[in-house]
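Worksheet for the structure shown next.
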């Protein structure tokens, strides 16, 4: 084991003038060129939030087009079929690659891993900065791809060739290649970032912190990084092949000259399914942290959660072709994948049960982060449960590419990327900015988001069950889906979306206002155990003057025989 | 400016080497993606064999020999670095970079001939995979050579000698990829 | 024993001897296919490649001295590639399956000229009004 | 439950609806149980001052069984669902009952082309009736369809038949359906195929035997003439490569 006992932070000064020995860094160097894991976490988080606004605007535009087809959408104008395809493609791509991944994996990963394992920074600070810069470049390339000639790429975020490979078919020659380059750059950024997360949490744990003393959120982000790294490889190879098909005229996916479009589908979904667990696991980790703190209770079965996370991760590599049941794979293979897909519900169900069981015997306080964490569990159950319908191959014949699928994956992605992230943001806000967020406006934002969210996607389940297929800009071409009750459901969903978007304003105001003018927050406002709460709020560069040690697990709450109901990890026995 | 995090080794493995091993995990799946697709297509398309007949097996064999030798000099450099002899390690790394340049030189000579004969990347399914796989590998050889020059520059001054082993591990991986690429592209006719 | 001591023990390997073995194996893998017999070609080309990879990994990369977590991670990546092959080959490698076969436009159909594409406005729709709408949509789609 | 939203018009649409019902029952029970337990725990163990939380390690047997029992029950339910789903899948996708008639369906960027075998009931013969965006089928007859795509990935989706099969370019897919209810329904493209994906619908007309024969006679008469004199070569490529004549 590491033999050093008392490490002095390389910051010579005492805690309060921790910046003392640093030459006074300029504004640019401090915020844009910094290698501090906390600043890089904020860069990822704010880029992610900014792109979330763009993604939400796209959702607003195409939902207005769906509810009131043909009429000009305020703030955008008339939506043509090409623009509609571009909007849904880039809504999907932005929300997954440029909002969920950066905020959940990189934002929380960068901020929490060093603080929670008791390190002063990531192992490779410069590589960490480089990974954000590549990510920022990928966001720029994607956003410019929306404004090039012929518009952004419109072949769905799955980019199936030959539509994505042949500019005569997708009619967006520049948009398609730029979208692909942006996605490839984003993969490179997260490979570099992933290495930092894995090595830091493996090697830089505080002295005394054994593998099972590490908080669940660190475990989930590390396993998510490993899942991402192991699954993105074939898709990087596929992206190179697709880029050559688009630009050099090779024939990897061109059936007329020996290629095979189904190969891309396999390479994409071999990455696609582990990818959804890459964003699910960090959200589950955040919910675990928040639930244990506000229920004042030890996580029901720490080791079971670790084993289910690893089981989910490994099993997620065996299920990818459930996206392709009717997409032309051999029907005999579909039987294999339907078995593995339905069986993967077991580890996830187990994890949810353990979280629910954690509430047993607790003393639950309903502050804003806990509301979000509980809402995540309630909403995600719907998402998980509706996945069984789509995993059953027989039923997927009917449900594939209908709004049932759209509603299902929004019931998993929305709790992950919005509800889970809000739980994390509201929980760690006092630590990040040293100030409290407003509790009342937090609750207004909570109810104003969760209730309309159900109003958007429950109607889509019904429309999907009626057979309404997705990615269609105007249903008046299909008499079967032009009944009044279907149009009303679409309008109801759109109105719910508008209400939900309005309720995001209180959050943005609350977030920015509290950052500068919220009431001051102490080191450990929620009285929780993990190491980040032993550093100042906000922690200085280098996090602690004297690096902490770890003496126990992260969830020793309400230990009998102690007057306080929490027991920080660094407190000597 | 080394953070305390980099000095710790809770797993008992040097941080730099642990990072390189994780880089190799991601490289295995990237090259794996290209090679698995290529193998599937070769087995599915017997007619590609006559396209593959036009590759110059002897140039491939010589390149394999060059990479094997550069792997030897890389591991000798690591041995020298273990003994603390930074100057010798740096020279051996420069020798390895020379091997890399010879490899790239032979490859560019080989490709120009093939393209002159009309076997461009669009010439058919086999050629698309041939240039993509070998091109991706050549890019990794080139990147490895650059990193080696950077490592040698500090190894010369007996600093950061642990990096010699790390870049060596990456280099041996690039060699192993070529050990599999050589029969797949040049011999499977 | 810490990793450092393990390396000392690793020194006694004669790297040049291992290099020589690798070159001999290379020669075998080149001469084997010369015989033209397919089975010999497979054994020498790919079998030898596996042996060479093992030698480089064990002796040059000192994988045998490495911690088991590294073996587990590298092994997992290789297992996933085998899994990728097993899941994808039935569709890509074979030319026919239970309810599908590769034919139209795959083998014997003359390669379609790249530029032969049905422009939207030529699309055969029901009434002139709809045909006009389709033409207008296309113009609008490519205009913005 | 689905047939309240959309009519059943083929033999296996009932299977899919029943599978939906089975999964809804199983999954619904688990969902309600989990949410009920969840909300009950939230209500029961809300913070009451003076009542500290309990220290539960999760190893207590009487609590662990609250996880292990659902764990095994879910495994059993999963197996039931898998068996039911695979039976439906095998019936629809893996078995081809003997066909009374074989039609050819060709998808291209933004139109469906159908080739009815015509009076001689053999596909790819000069008397085939080719139509665009309108498919006439006879109720009660088992149909095989040969599905192809000329350019990008499309998807032949007939909601009332609960039938969907992607058309990948470079492949020919064979599937079957047997209409059971006359009427006019929609055929959709369920895989994004470019700008015209939204207008790529077609009309499905399930005729009674007489109406179908009338339609076939009416179209068979003009079919040879319509193929502008070019003698269609036989074999699969005939129907695919000839551009669509203006059949109504």
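Derivation of every value follows stated rules applied to the coordinates shown; laboratory data play no part. Owing to the predicted nature of the structure, the values given are computational and were not obtained by experimental measurement. Because the Cβ atoms are built from the backbone with ideal geometry, glycine has one as well, and the counts that use them run over all protein chains shown.
Hey, how many Å between the Cα centroid of region C:34-62 and the Cα centroid of region A:98-114? First find each Cα centre; the distance between them is then 43 Å.
Start at zero, step by 10 Å, and the Cα-Cα distances of region A:422-573 spread as 10, 25, 21, 17, 14, 10, 3, 0 percent across the bins. Diffusion of region B:86-159 by Stokes-Einstein, at 37 °C in a medium of 0.692 mPa s and with Rh set to the Kirkwood radius over alpha-carbon pairs, works out to 238 µm²/s. Full extension of the chain between residue D:203 and residue D:141 gives 20.5 nm of extra length, using 0.36 nm per residue less the Cα-Cα distance. Averaging Cα coordinates gives a centre for region D:119-133 and one for region A:274-300; these two points are 60 Å apart.
With the alpha-carbon atoms of region A:45-136 aligned to their principal axes, the span from lowest to highest coordinate is 56, 21, 17 Å, starting with the largest. In summary, the convex hull built on the alpha carbon positions of chain B has an orientation-averaged projected area of 11.6 nm². When the alpha carbon coordinates of the protein assembly as shown are projected onto the principal axes, the ranges are 96, 82, 56 Å, largest first. When the alpha carbon coordinates of region D:109-148 are projected onto the principal axes, the ranges are 29, 25, 16 Å, largest first.
Here is how the number arises for chain D: DSSP H runs of 4 or more residues each give -39500 (n - 2.57), the sum is divided by the residue count, and the result at 222 nm is -12000 deg cm²/dmol.
Please report the base-10 log of the normalised intensity I(q)/I(0) for region D:2-94, using a Debye sum with one equal scatterer per alpha carbon and no solvent, at each q in 0.15, 0.19, 0.20 (1/Å). The computed values of log10 I(q)/I(0) come out as -0.78, -1.00, -1.06. The distance separating the Cα centre of region D:46-102 from that of region A:375-433 comes to 18 Å. Along the Cα-to-C-beta direction of residue C:95, a point sits 7 Å from the Cα; which residues of region B:162-189 have their amide N less than 15 Å from that point? What the label zone holds, given the 15 Å backbone N cut-off, is no residue at all. Please state, rounded to one decimal and in Å, the Kirkwood hydrodynamic radius that region A:456-529 gives when every pair of distinct Cα atoms enters the mean of 1/r. One over the average 1/r among Cα pairs gives 15.9 Å for region A:456-529.
With the convex hull drawn over the C-alpha atoms of region A:243-393, the volume per residue is 120 Å³. In a fully extended conformation the segment linking residue D:54 and residue D:71 would gain 3.7 nm over its present Cα-Cα distance, using 0.36 nm per residue. Treating r as the C-beta distance of residue C:51 and residue B:158 and R0 as 35 Å, the FRET efficiency rounds to 0.40.
With no solvent and one point on each alpha carbon, what is the Debye value of log10 I(q)/I(0) for region D:101-241 at q = 0.09 Å⁻¹? Each listed q corresponds, in turn, to -0.25. In region D:1-140, Cα pairs under 8 Å separated by at least six residues give a relative contact order of 14 percent.
For region A:276-350, taking Cα atoms only, Rg and Dmax work out to 15.7, 51 Å respectively.
Please work out the FRET efficiency for the pair residue A:515 and residue B:108, using the Cβ-Cβ distance as r and a Förster radius of 51 Å; give the result to the nearest 0.05. The pair residue A:515/residue B:108 has a calculated efficiency of 0.40. If I take every Cα pair under 8 Å that is 6 or more residues apart in chain D, average their sequence separation and divide by the length, what percent do I get for the relative contact order? That works out to 21 percent.
Each listed q (0.09 Å⁻¹) maps to a log10 I(q)/I(0) for chain A, found by the Debye formula over equal Cα scatterers with no solvent: -0.69. In chain B, Cα pairs under 8 Å separated by at least six residues give a relative contact order of 32 percent.
For region A:305-424, the Kirkwood hydrodynamic radius from C-alpha pairs, put into Stokes-Einstein at 25 °C and a viscosity of 0.890 mPa s, yields a diffusion coefficient of 157 µm² per second. Over the residues of chain A, the helix contribution to mean residue ellipticity at 222 nm works out to -20000 deg cm²/dmol, using -39500 (n - 2.57) for each DSSP H run of at least 4.
Where in region D:96-128 is the amide nitrogen less than 16 Å from a point lying 7 Å along the Cα-to-Cβ axis of residue D:213? The answer is D:118-121. To the nearest 10 degrees, how steeply does helix B:125-155 sit against the main Cα axis of chain B, on a 0 to 90 scale? That helix lies at roughly 20 degrees to the long axis.
R0 = 60 Å: FRET efficiency of residue A:498 with residue B:2, Cβ-based, nearest 0.05? It comes out at approximately 0.70. Computed on chain D, the Cα convex hull volume stands at 173 Å³ per residue.
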